[in-house]
Amino acid sequence: MTPAKHSQVISAEALQNFLVGEFPQTTIQIEAVGQGQARIRQPIAARHLRPGGTVSGPTLMTVADTAMYMALLGDIGLAPLAVTVSLNINFLRRPRAGRDIIGEARLLKRGRRLAVGEVFIYSADDPDPVAHATVTYAIPDAT
């Protein structure tokens, strides 16, 4: 399936400012956005780890959700009330210890009310994904 042609509506810098303003607790960095895609980085700290020293599932789910949110907002512009409808994640392998987590999202389909995309999640500098997610977002009515 090929996504509809997308055009960048908002820059990575503007999205970073939005993210920090709306979610001041986040440490996620927006690396790139455009053409229905986004790449984000989650620096890993002790609070992101679970027993055994691996990155926690909730951290990986946050990366998936945030990457998809940024890909969508990069495509439609700032729509803070866009919300997650569903998120399905498959954990493929253990993230590498001491590495940032990278989320690469792309929209698969964007309609008037829903957007569906996928996110591959990696340990930094490792080409093999540690998780794969499909995410659906509800798009608010334009008012």
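No lab work stands behind these numbers, since they all come straight from the coordinates. Please read these numbers as outputs of a predicted model, since none were measured by experiment. Quick reminder, even Gly has a Cβ in these numbers, built from the backbone with ideal geometry, and neighbours come from all protein chains shown.
Output the 0 to 90 degree angle, nearest 10, between the alpha-carbon long axis of helix 12-22 and the longest principal axis computed from the alpha carbons of the chain. Roughly 80 degrees, rounded to the nearest 10.
Name the most mobile residue of Pro127, Pro43, Pro58, meaning the one with the largest mean-square fluctuation, in a Gaussian network model of the chain with Cα contacts below 10 Å. Residue with maximal mean-square fluctuation among Pro127, Pro43, Pro58: Pro127. Computed from the C-beta positions of Asp141 and Gln25 and an R0 of 22 Å, the FRET efficiency is 0.15 to the nearest 0.05. Over the residues of the chain, the helix contribution to mean residue ellipticity at 222 nm works out to -7000 deg cm²/dmol, using -39500 (n - 2.57) for each DSSP H run of at least 4.
A cut-off under 13 angstrom between Cβ atoms defines the neighbours of Arg41, and their net charge, with Lys, Arg +1 and Asp, Glu -1, is -2. Output the 0 to 90 degree angle, nearest 10, between the alpha-carbon long axis of helix 57-76 and the longest principal axis computed from the alpha carbons of the chain. Roughly 20 degrees between the two axes. Where is the GNM fluctuation largest for the chain (alpha-carbon springs, 10 angstrom cutoff): Leu114, Leu72, Leu60? Greatest mean-square fluctuation among the candidates belongs to Leu114.
Considering only Ala32, Ala79, Ala115, the Gaussian network model of the chain with Cα springs below 10 Å gives its largest mean-square fluctuation to Ala79. Subtracting the Cα-Cα distance of Val83 and Thr134 from 0.36 nm times their residue separation leaves 16.9 nm of extension gain. Take every pair of alpha-carbon atoms less than 8 Å apart whose residues are at least six positions apart; their mean separation over the length of region 12-138 yields a relative contact order of 26 percent.
Taking trypsin sites (Lys or Arg not before Pro) as exposed when their DSSP state is a loop state and no more than 13 other Cβ atoms lie within 10 Å, the longest site-free interval of the chain runs over 6-92.
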